[in-house]
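A short worksheet on the structure shown next.
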Amino acid sequence: MATTILSSLILLLQIMCVIIVVAYLLTRSRFFIDVLEGHLTWKSQAVLILIFGALSVYGTMAGVEVNGAIVNVRDLGPMLAGLLGGPVVGISAGLIGAAYRFSLGGFTMYSCSLSTVLAGLFGGLIWYACKKKFAGITIAVLFGILMEALHMLLTLAICSPFDKAMAVVQQVSIPMIAANAAGMFVFAFIVENLQTERRLQAERDGLMKEMERKNTELAIAADIQQSFLPEKISQIKGFDISAHSMMAKEVGGDFFDVIPLEVIPLSNDRLGVMIADVSGKGIPAALFMALSRIVVRVNATWYPDRPAEVIKSSNAIIAPDSKSGMFVTLFYGIIEVKNRNLTYVNAGHNPPIICHAADGSFEILEATGMAVAAMAEAEYTQGTKELTQGDVLVLYTDGITEAENCQLKQFGEDRLRAAISQSRGMDSKAIMSKILHEVKEFTGDQPQSDDITLMIIKVE
């Protein structure tokens, strides 16, 4: 008997595999998604009935006769139909399988036919209990086991003679229960994987939409920030000025400005120049940059000849709003046509470099106060430098000197000074291009890690 049970089990597992393959192909069809979501049309119900009804018939045809009964997986089709489409679909598929089984006769035809219809009915009731959704693996497998156990009980209760029915149940119960349970497990596993796949796809789609939205917002923010930078550099007699800014991300914290200091420009003999670097990167830095630029610009018009007062007043306004701990290093200076003086405040910024035309020597403009927003009551002093014809003033952010190559070496001040020396006889735009070219040559394919801003002022 053990050999017969084993051979019967192997046969049923083979039949079950065929049914599962067909059912798997069904799960990959277009209408199956609506079925899983409980959106059943009469067309989709008809398809489910015909397919699982045919599989129920196949489960009988491919079975083997044992003592006047057929070892089969006939109930698998109606069970799946009910779990997918509800009682109507399950019962209808069961009736197809039951009708074929009834036509074959035999002393188990009543119990087997009834069991097939009940398989579809109970599957449909489970579908309702699960709110018109496919039950999970655990429920599906338990349903398969209990349904076939009921099938065996119906055989014992209805079939006659009882001894013959008992012999059949003893021989076919284990293979049929195991094969149907295995079939339910495999199909439920396929369905759960499909649902997981759809859920992940929906999450990916949602993530892509969110990324597209954020990219759009970043593009808008980048355009807005770009509008803060001067489209055209204001020039003043006796000075040649060029400036450029490259953000490491869509938006950043570096900025520069050239500020006309006359509300009504009766004369153009003074000009404010500024370069700054906000701590951090991205949108927070960009917002802080916008605030800082506007505040300094307004204060510059209030104190047109007192840079220290400009920065002190700006710091008093910005510092209380810097609740995130952000600050901005900033250099602000006023250049005058009459005596070619530069009066400046360096609020913790990278010291600008003056390359003197007379001997090519370098002079740096050290800090005259701490970074803006670092302390609300900070004091600032101002310095003055007299510039001569041919002198080059280089204002820059640390994105220049701290630019790294693939060996993580920094560009540094020495290379910056070398680039200035090699180009100091050129105009401001050419000097700026030379420095940026040298930085690019040095970093190569290494991604830009920080914002880069550069301003060149050449005394004519």
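The values are calculated or read from the model by the stated rules, or taken from the named source; none is laboratory data. These numbers come from a predicted model, not from an experiment. Virtual Cβ from ideal backbone geometry, glycine too; neighbours counted across all protein chains shown.
Applying the selection to region 291-308, what residues are out of contact with any Ser or Thr (no Cβ under 9 Å at 6 or more places or on another chain), surrounded by fewer than 16 Cβ atoms within 10 Å (Cβ to Cβ) and touching a residue at least 12 places away in the same chain (Cβ under 8 Å)?
Passing the criteria: only T301.
If you scan region 381-418, which residues turn out to be part of a strand (DSSP E or B) and either without any contact (Cβ under 8 Å) to a residue 12 or more places away in the chain or among the acidic types (D, E) (or both)?
Passing the criteria: E386, E404, Q410.
Kindly indicate whether T384 is surrounded by fewer than 21 Cβ atoms within 10 Å (Cβ to Cβ), under 19 Å from R340 (Cβ atoms), β-branched (V, I, T) and in the same structural domain as E363 (by TED's automatic domain parsing). Talk me through it step by step, then tell me what you get.
Values: surrounded by fewer than 21 Cβ atoms within 10 Å (Cβ to Cβ): yes; under 19 Å from R340 (Cβ atoms): yes; β-branched (V, I, T): yes; in the same structural domain as E363 (by TED's automatic domain parsing): yes.
Criteria met by T384.
Can you find, within region 144-182, the residue that is surrounded by the most Cβ atoms within 10 Å (Cβ to Cβ) among those that are under 19 Å from A98 (Cα atoms), in contact (Cβ under 8 Å) with a residue 60 or more places away in the chain and not aliphatic (A, V, I, L, M)?
If we take residues in region 144-182 being under 19 Å from A98 (Cα atoms), in contact (Cβ under 8 Å) with a residue 60 or more places away in the chain and not aliphatic (A, V, I, L, M), then G144 is surrounded by the most Cβ atoms within 10 Å (Cβ to Cβ).
Hey, does region 442-451 have a residue that's free of Cβ contacts under 8 Å to residues at least 24 places away in the same chain and surrounded by 13 or more Cβ atoms within 10 Å (Cβ to Cβ)?
no
Quick one: count up the residues across region 19-41 that are aromatic (F, W, Y) and within 26 Å of N72 (Cα to Cα).
Number satisfying all stated conditions: 1.
If you go through region 337-346 one residue at a time, do you hit one that is farther than 25 Å from R417 by Cα and crowded, with 22+ Cβ neighbours inside 10 Å?
No, every residue in region 337-346 fails to be farther than 25 Å from R417 by Cα and crowded, with 22+ Cβ neighbours inside 10 Å.
One residue is enough: does region 56-75 have a residue meeting the conditions of a type outside the set (S, T, N, Q), surrounded by 20 or more Cβ atoms within 10 Å (Cβ to Cβ) and within 16 Å of I190 (Cβ to Cβ)?
So far as region 56-75 goes, no, none of its residues is of a type outside the set (S, T, N, Q), surrounded by 20 or more Cβ atoms within 10 Å (Cβ to Cβ) and within 16 Å of I190 (Cβ to Cβ).
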